[in-house]
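The values are calculated or read from the model by the stated rules, or taken from the named source; none is laboratory data. Computed from a predicted model, the values in this text were never measured in an experiment. Note that we place each Cβ from the backbone using ideal geometry, even for glycine, and neighbour counts take in every protein chain shown.
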Amino acid sequence: MWADLLPVGRDAATGGYRRHAWAPADLTCREWFAAEAVRRGLDVTVDRNGNQWAWWGDPDADGPGVVTGSHLDSVPDGGAYDGPLGVVTAFAALDLLRERGHQPSRPLGVVSFTDEEGARFGIACTGSRLLTGVLDADRARSLTDADGTTLSDAMTAAGQDPAHLGRDDETLRRVGTLVELHVEQGRALVDVGAPVGVASSIWPHGRWRLDLMGEANHAGTTRLEDRDDPMLRLATAVLAARESATEHGAVATVGRLAVHPNGTNAIPSSVRAWLDARGAAEADVRAVVAEVADAAGAAAVEESWTPEVTFAPQLRDRLAALLGGAPVLPTAAGHDAGILADAGVDAAMLFVRNPTGISHSPAEHAEDDDCAAGVEALAVVLADLTAPAGNEAAPA
Ligand SMILES: [Zn+2]
């Protein structure tokens, strides 16, 4: 499975992945998912928001199931593991359960959420946010990529009808429990020497847009004192982001800019910058954003906000115990499991050690042995969650 996915959407020059929602590489990944499901005799469905599901058993007839999976799309020049590791291990864990003759007492599902990274249309976790109704369908349809293509048009071109986007109770009802496995996006597991960990919570986080206005003029003939250069305000804002984040124990990043007219020999007329800020507490994040806006002399327009997510404590503790006292750690990255947890689904996450700690980059990595440990951990967890009543495994 891993070898089949490796070449899909990989940029030859950078070695990074460009699997952006509804673009050709993403469609190839979607075909791969459907083929893997069919190969195993699972029932494949695509919900109203484009998320793919593969079921062993019938969640409509036999009640809500246990679902595992992640996403297949990537950030620009992303790594191989963020997302796909959770989907590949989901299928592999299901294979292990079958090899071991496990008869699930509840339906078991594999999911691939659509457009988790938001790389193309700007909003992360679009598939799960639409599913749970926290993203408005009309707003989603009108989201536009850098080429001016709307999400609506992109879905239509991919053969998916965007007319029925929005909260999908029929699909949500099928999900009793969700366990998402993900490559770790930091070095906490390296530090404690464990291949697999369990998530405790997701830091509150959001994205803001700053529009900095100035006056376009000649880079050579305009005297310094006559300039109104928005790039200087940007520089001040970026430095303020770093300083304020340090002060509040948060993180803040300006990683995306739109500069007009974007000429080497022109003072810009405007700079649009996007700020990503995250912290352990909402108040810290809000303080950082306010201080950055203040330094920029511009409003910070909120494009998305995700409150703190605390994963179901009982499920979290049960998983950690099942995995022999696996470390429990928070993360500063958003995930579909967090969106579903926020919507009241019993959700949990497993992390697989990433020796570089680097993510959203081709340097992202997980050793084969650790990936295999992830499959084993997922199989143990799924076996327990779908054990016939009274037959749950005794926590190790
Ligand atoms: Zn991810």
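Enumerate the helices (runs of 4 or more DSSP H) found wholly within region 150-218, keeping only those where 1 or more residues are under 19 Å from the mean Cα position of the chain (by Cα) and under 24 Å from ALA119 (Cβ atoms). Talk me through it step by step, then tell me what you get.
On the way: elements: 151-157, 169-173, 188-192.
Those helices (runs of 4 or more DSSP H) span 151-157.
Looking at region 76-87 only, could you name the residues that are more than 10 Å from the ligand (Cβ to nearest atom) and in contact with a strand residue (DSSP E or B) (Cβ under 6 Å, 6 or more places away or on another chain)?
Step one: of region 76-87, the residues more than 10 Å from the ligand (Cβ to nearest atom) are 76-77, 80, 87.
Answer for region 76-87, where residues must be more than 10 Å from the ligand (Cβ to nearest atom) and in contact with a strand residue (DSSP E or B) (Cβ under 6 Å, 6 or more places away or on another chain): just VAL87.
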- Task: Looking only at region 93-100, decide whether some residue is in contact (Cβ under 8 Å) with a residue 60 or more places away in the chain, more than 16 Å from the ligand (Cβ to nearest atom), part of a loop (DSSP other than H, G, I, E, B) and out of contact with any Asp or Glu (no Cβ under 8 Å at 6 or more places or on another chain).
- Result: yes
- For region 22-75 the number of residues that are of a type outside the set (Gly, Ala, Ser), more than 16 Å from the ligand (Cβ to nearest atom) and closer than 28 Å to THR149 by Cβ is 14
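What tally of residues in region 56-73 results from selecting those that are outside any loop (DSSP other than H, G, I, E, B) and free of Cβ contacts under 8 Å to residues at least 60 places away in the same chain? If you could, list the steps in order and put the result at the bottom.
First, pick out the residues of region 56-73 that are outside any loop (DSSP other than H, G, I, E, B): 56, 59-62, 65-71.
Remaining after also requiring free of Cβ contacts under 8 Å to residues at least 60 places away in the same chain: 56, 61-62.
Here the count works out to 3.
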- Message: Looking for something free of Cβ contacts under 8 Å to residues at least 24 places away in the same chain, loosely packed, with under 15 Cβ neighbours inside 10 Å and out of contact with any Cys (no Cβ under 9 Å at 6 or more places or on another chain) - is there at least one such residue anywhere in region 14-23?
- Response: no
- Considering ALA194, ALA199, which residue is of a type in the set (Gly, Ala, Ser), closer than 25 Å to ALA383 by Cα, crowded, with 19+ Cβ neighbours inside 10 Å and within 16 Å of the ligand (Cβ to nearest atom)? ALA199
- Message: For region 148-162, check the following and say yes or no: at least one residue is polar (S, T, N, Q), closer than 28 Å to GLY65 by Cβ and within 16 Å of the ligand (Cβ to nearest atom).
- Response: no
- Search region 101-123 for residues being more than 16 Å from the ligand (Cβ to nearest atom) and among the small types (Gly, Ala, Ser), and hand back the single one that is modelled with the lowest pLDDT. GLY122
- Message: Anything in region 146-193 that is under 30 Å from GLY357 (Cβ atoms) and of a type in the set (Asp, Glu)? List them, or say none.
- Response: GLU180, GLU184, ASP191
- Item | Residues (basic (Lys, Arg), under 20 Å from the mean Cα position of the chain (by Cα) and either over 24 Å from LEU130 (Cα atoms) or not in a helix (DSSP H, G or I) (or both)) located in region 1-48 | ARG10, ARG18, ARG19, ARG48
- Which ones in region 101-124 are assigned to a loop (DSSP other than H, G, I, E, B) and closer than 22 Å to TRP305 by Cβ? THR114, ASP115, GLU116, GLU117, GLY118, ALA119, ARG120, PHE121, GLY122, ILE123, ALA124
- Query: Any residue in region 125-135 that is touching a His at 6+ places or on another chain (Cβ under 9 Å) and in a loop (DSSP other than H, G, I, E, B)?
  - Reply: yes
- Query: Which one of these does ALA333 not meet: (1) in a helix (DSSP H, G or I); (2) within 16 Å of the ligand (Cβ to nearest atom)?
  - Reply: (1)
- Query: Within region 134-167, restricting attention to residues that are free of Cβ contacts under 8 Å to residues at least 40 places away in the same chain, within 13 Å of ARG48 (Cβ to Cβ) and of a type outside the set (A, V, I, L, M), which residue is surrounded by the fewest Cβ atoms within 10 Å (Cβ to Cβ)?
  - Reply: ASP161
- Note on the structure: Picked from region 246-291 (must be surrounded by 16 or more Cβ atoms within 10 Å (Cβ to Cβ) and in a loop (DSSP other than H, G, I, E, B)), the residue modelled with the lowest pLDDT is ALA280
- Query: Looking only at region 336-355, which residues are within 16 Å of the ligand (Cβ to nearest atom) and over 21 Å from PRO204 (Cα atoms)?
  - Reply: VAL352, ARG353, ASN354
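Matching residues to (1) under 30 Å from GLY15 (Cβ atoms); (2) charged (D, E, K, R); (3) surrounded by 24 or more Cβ atoms within 10 Å (Cβ to Cβ):
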site: ARG316; (1), (2), (3): no, yes, no
site: VAL328; (1), (2), (3): no, no, no
site: ALA332; (1), (2), (3): yes, no, no
site: ALA337; (1), (2), (3): yes, no, yes
site: PRO355; (1), (2), (3): yes, no, no
site: ASP368; (1), (2), (3): yes, yes, no
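So which residues in region 297-328 are within 16 Å of the ligand (Cβ to nearest atom), part of a strand (DSSP E or B) and touching a helix residue (DSSP H, G or I) at 6+ places or on another chain (Cβ under 6 Å), if there are any at all?
VAL309
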